[in-house]
Amino acid sequence: MYLPSHFEECRPEVLQSLMRTHPLATLVTLTSTGLVANHIPLQLQPGAAGLGILRGHVARANPLWSDLVDGIEALAIFQGPDHYISPTWYPSKQEHGKVVPTWNYCTVHAYGALRVHQELGWIRTQVEALTAWQEASQPQPWSVADAPPEFVDSMLRQIVGIEIAITRLVGKWKVSQNQPASNRAGVAAALANGGDADAGAMAALIRENPPR
């Protein structure tokens with residue numbers, strides 16, 4: 001990933017927060033036929049190395065787990081808020097006109113070897129943890145135990161667990177840090193009035209991330 005120093009985000013707590021709030025990852029693996037990308041919700045859990053462990057599952061029919069090149073890193077990409085940035089939002093447009101459009105975004109790249117789990121106990125624990133996490137905000141949270149046991153057992157046999165012990169994290173926060181203060185303020189104000197969730201989130205990120 002191209003990463004100018006003024007867009008680099010190194011704080012582990014910031015990177016891990018994005019991974020938790022945007023858990024649907026693009027998981028890139030190297031197979032016998034080349035690079036393959038799958039879109040999988042991955043739950044970040046504490047790990048011995050401090051960077052964390054990603055856990056999830058895929059359909060048993062998905063060749064992701066059975067067609068891996070041994071010893072090669074997998075890459076999980078987490079995408080945070082993003083938004084188009086219009087040059088009309090820059091006060092400097094009125095001053096000299098030397099402005100162009102761009103796109104702001106936040107992303108985290110997590111690297112590590114992918115490990116496969118076929119044990120039903122491990123898979124059940126992972127599914128229960130993922131479900132409890134995502135259902136926590138529901139008025140009446142659904143749990144795995146709410147479904148008939150024989151149905152749950154049948155479904156668990158149709159999936160395979162995956163796990164990545166993270167060895168490296170790379171974060172990019174492209175949120176107008178390369179612009180002067182007046183332009184950053186103009187962009188944040190325009191986004192704040194945009195009316196959609198991503199625009200509001202990007203406005204907050206611009207205000208929270210001045211040039212370092």
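Every read-out reported here was derived from the displayed coordinates using simple, explicitly stated rules and does not represent laboratory data. Quick caveat, the model's predicted, so the values are computed rather than measured. Every residue, glycine among them, receives a Cβ derived from its backbone with ideal geometry; neighbour counts consider all protein chains shown.
Before moving on, here are some points about what is shown:
- Net length gained if the chain between Ser182 and Ala165 were fully extended (0.36 nm per residue, minus Cα distance): 1.9 nm
- Ranked packing of 185-192, 128-135, most packed first, by mean Cβ within 10 Å: 185-192, 128-135
- Spin-label pair Leu120/Ala192, simplified geometry with 7 Å Cα→Cβ offset, distance in nm: 5.6
- Among Phe151, Phe78, a tally of other beta-carbon atoms within 10 Å of each Cβ gives an order, fewest to most, of Phe151, Phe78.
- Given charges at beta-carbon only (K, R positive; D, E negative), |dipole| of the chain in Debye: 700
- Here the contact order of the stretch 137-212, divided by its residue count and restricted to Cα pairs under 8 Å and six or more residues apart, works out to 25 percent.
- Dipole orientation for the chain: of the candidates Gly50, Gln179, Leu169, Gln179 has the Cα lying most toward the positive pole (charges on Cβ; Lys, Arg +1; Asp, Glu -1).
- Note: the stretch 58-176, Cα convex hull, 168 Å³ per residue.
- Using alpha-carbon coordinates, inclination of helix 197-208 to the longest axis of the chain, degrees: 60
- Taken along its principal axes, the alpha carbon cloud of the stretch 1-108 reaches lengths of 58, 33, 22 Å, longest axis first.
- Residues of the stretch 24-41 with amide N under 11 Å of the 7 Å Cα→Cβ point at Asp67: 31-37
- Within the stretch 11-40, backbone nitrogen closer than 16 Å to the virtual label 7 Å beyond the Cα of Ile77 toward Cβ: 19, 23-31, 35-40
- Net charge dipole size for the stretch 115-195 [Lys, Arg +1 and Asp, Glu -1 on Cβ; Debye, nearest 20]: 740
- Cβ crowding within 10 Å, taken as a proxy for footprinting-reagent exposure, orders Thr21, Thr102 from fewest neighbours to most as Thr21, Thr102.
- C-alpha center-to-center spacing [the stretch 132-182, the stretch 183-197] in angstrom: 29
- Packing-based order for 62-71, 32-41, using average beta carbon neighbours within 10 Å, highest first: 62-71, 32-41
- Rounded to the nearest 10 degrees, the inclination of helix 181-192 to the longest alpha-carbon principal axis of the chain is 50 degrees.
- In this entry, the chain is assigned a mean projected area of 14.6 nm², taken as a quarter of its C-alpha convex hull surface.
- Here the residues Cys10, Cys106, ranked from fewest to most Cβ neighbours within 10 Å of their Cβ, fall in the order Cys10, Cys106.
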